[in-house]
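Got a structure for you, questions after.
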Amino acid sequence: MKSELLVYIDGKYYPKSQAKISVYDHGLLYGDGVFEGIRAYNGVVFKLEEHIDRLFQSAHTIMMNIPLSKEQILQAVLETLRKNKLTDAYIRLVVTRGIGDLGLDPRKCPRPSIIVITDSISLHAGEAKSKGITTMLTWVKRNPVDSTSHEVKSLNYLNSILARMEANISGFDEAICLEKNGFVAEGVGENLFIVKNGEIFTPPSSAGILSGITSKVVARIAKDLGYNVAETNITPHQLFNSDEVFFTGTAVEMVPIREVNRRQIGTGSPGPVTKRLMAAFRKVVRDPREGVLVNP
Ligand code: PXG
């Protein structure tokens, strides 16, 4: 029998079935905490330092002092992977506000808890990547920047979960959220790009979206290949009439979108720019210079 995966919680390692935190943890009671989703490819943790930087930025905004340094967090991630003998993995790094009382005041929580889950992943997502996925614009607006927006990668994902549920019950693969003025924002856990006349556009951070690590890499790849890439407001009409549309994100990597609210995008199959960027992206994620080695 395969032994259970080990989970890091506050400096100790527990088998998955015993990896538990308190019901008084404000991460559970109020969604008070921050997280990162990270991938390792072939013994390299892709953009690990960037993910840890973003984790600390999220924590800074919610005024939570992570009780370890960035280097200590990085070592905890690597050690968890090594203990589990994982070279290709999905990593969930979570920092909760910690144990408090039954009131939302975070001053009652003396010490945040740090959790590192490393699990195996299947690298091939089936037909989604070769054929593209169907999407819908939902009524669930992305929270604005003067609210609990997705700029902070917090444990509050109900906004995304509501949007995803609408896609599920309507028979679409994924949802796309608009921001409060009606411009296109992002997917539930993915950033969005469109291609029009050979140029590439993506929504600005004023849309209340997460500043994606994958989207930054994809934009850089596109620029290196000679494409113009610009952040700009995108209307639903512009989205429907794009030549190509795709999502980026740690979980989905890059995935083409072939339909939005039953409007076919381009030819209805992944376009040449998307395919070219996907091929380049596949190489970049396996480049040791783009991440941190699990076994240095
Ligand atoms: N927008 C939001 C709201 C996200 O949560 C992204 C964009 C893409 O960002 P990155 O940095 O990953 O390129 C995310 C990331 C999941 C899952 O389990 C979701 C994310 C990351 C990892 C796993 O669906 N969201």
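Given the options Gly126, Gly268, Gly171, state which has the largest fluctuation in a GNM of the chain using a 10 Å cut-off (strictly under) for Cα springs.
The residue with the greatest mean-square fluctuation here is Gly126.
Any chance you could give the angle, 0 to 90 degrees and rounded to 10, that helix 48-61 forms with the longest Cα principal axis of the chain?
80 degrees
On a straight-distance basis, which aspartates and glutamates could pair with Lys12 in a cross-link, Cα separation under 18 angstrom, same-chain partners fewer than 8 positions away excluded?
In chain and number order, the partners are Glu4, Asp25, Glu71, Glu79, Asp119.
For Val152, Val184, write out the residues from largest to smallest accessible area, computed with a 1.4 angstrom probe and no ligands counted.
Reading off the accessible areas and sorting them downward yields Val152, Val184.
Students sometimes get this wrong: rank Tyr24, Tyr14, Tyr157, Tyr41 by accessible area, probe 1.4 Å, all chains present, largest first.
Tyr24, Tyr14, Tyr157, Tyr41
For Ile234, enumerate residues with amide H under 5 Å from its amide H, sequence gap 5+ or separate chain, H modeled in the peptide plane.
Long-range HN contacts for Ile234: Val184.
Can you pull the accessible area of Val188 for me, 1.4 Å probe, Å² to the nearest 10?
Accessible area, nearest 10 Å²: 20 Å².
Residue by residue, what Karplus-based ³J(HN,Hα) values in Hz, rounded to whole numbers, does the stretch 110-119 have, using 6.51, -1.76 and 1.60 with θ = phi - 60° and x for Gly and Pro?
Result, ordered by residue: x, 9, x, 9, 10, 10, 10, 9, 10, 9 Hz.
Right, something else. May I ask what percent, to the nearest 5, of DSSP beta bridges between residues of the stretch 127-284 are antiparallel?
Taking every DSSP beta bridge within the stretch 127-284, about 65 percent pair in antiparallel fashion.
Also, quick follow-up: Modelling each spin label as a point 7 Å along the Cα-to-Cβ direction, I'd like the Asn233/Thr148 distance in nm, to one decimal.
2.8 nm
Counting only residues 5 or more places away or on other chains, whose amide H sits under 5 Å from the amide H of Leu178 once H atoms are built in the peptide plane?
Thr138, Arg142, Ala185
Which whole-angstrom value gives the distance between the alpha carbon centres of the stretch 167-205 and the stretch 226-259?
With the stretch 167-205 and the stretch 226-259 each reduced to a Cα centre, they are spaced 7 Å.
With a 10 Å cut-off between alpha carbons and a GNM built on the chain, which of Ile169, Ile161, Ile121 moves the most?
Sorting by GNM fluctuation, first place goes to Ile169.
Excluding residues fewer than 8 places away in the same chain, name every one of the aspartates and glutamates whose C-alpha is closer than 16 Å to that of Lys129.
Asp173, Glu174, Glu190, Glu244, Glu253, Glu259
For the pairs Lys70/Lys283; Lys20/Lys47; Lys47/Lys283; Lys16/Lys83; Lys153/Lys283, flag any whose C-alpha to C-alpha distance is greater than 20 Å.
Violating the 20 Å limit, Cα to Cα: Lys70/Lys283; Lys20/Lys47; Lys153/Lys283.
Quick one: Karplus J couplings for the stretch 10-20, per residue in order, coefficients 6.51, -1.76, 1.60, θ = phi - 60°, nearest Hz, x for Gly and Pro?
Karplus values, whole Hz, x for Gly and Pro: 6, x, 10, 10, 10, x, 2, 5, 10, 7, 9.
I need the chymotrypsin sites (Phe, Trp or Tyr not before Pro) found in the stretch 56-154, filtered to DSSP loop residues with at most 13 other beta carbons within 10 Å of theirs.
Qualifying residues, ordered by number: Trp139.
Separate question: How large is ³J(HN,Hα) for each residue in the stretch 255-266, as worked out from phi by the Karplus curve 6.51 cos²θ - 1.76 cosθ + 1.60 (θ = phi - 60°), to whole Hz, x for Gly and Pro?
Couplings: 9, x, 10, 9, 8, 10, 6, 6, 8, 5, 9, x Hz.
Which is the longest stretch in the chain that no exposed loop site breaks, taking sites as trypsin sites (Lys or Arg not before Pro) with a DSSP loop state and at most 12 other Cβ atoms within 10 Å?
Answer - 86-261.
Please list, ordered by chain and number, the residues whose modelled amide H lies under 5 Å from the amide H of Glu244; skip anything fewer than 5 residues away on the same chain.
Under 5 Å from the amide H of Glu244 lie the amide H atoms of Val195, each far enough along the sequence or on another chain.
Extension gain Lys85-Arg262, at 0.36 nm per residue separation less the Cα-Cα distance, in nm?
Stretched out fully, the Lys85 to Arg262 stretch lengthens by 59.3 nm.
The values are calculated or read from the model by the stated rules, or taken from the named source; none is laboratory data. Computed from a predicted structure; not experimentally measured. With ideal geometry, Cβ positions are generated from the backbone for all residues, glycine too; neighbour counts draw on all protein chains shown. For the accessible areas, the whole protein counts, side chains as well, though only heavy atoms, and no ligand, DNA or RNA atoms are used. Shrake-Rupley method; radii C 1.70, N 1.55, O 1.52, S 1.80 Å.
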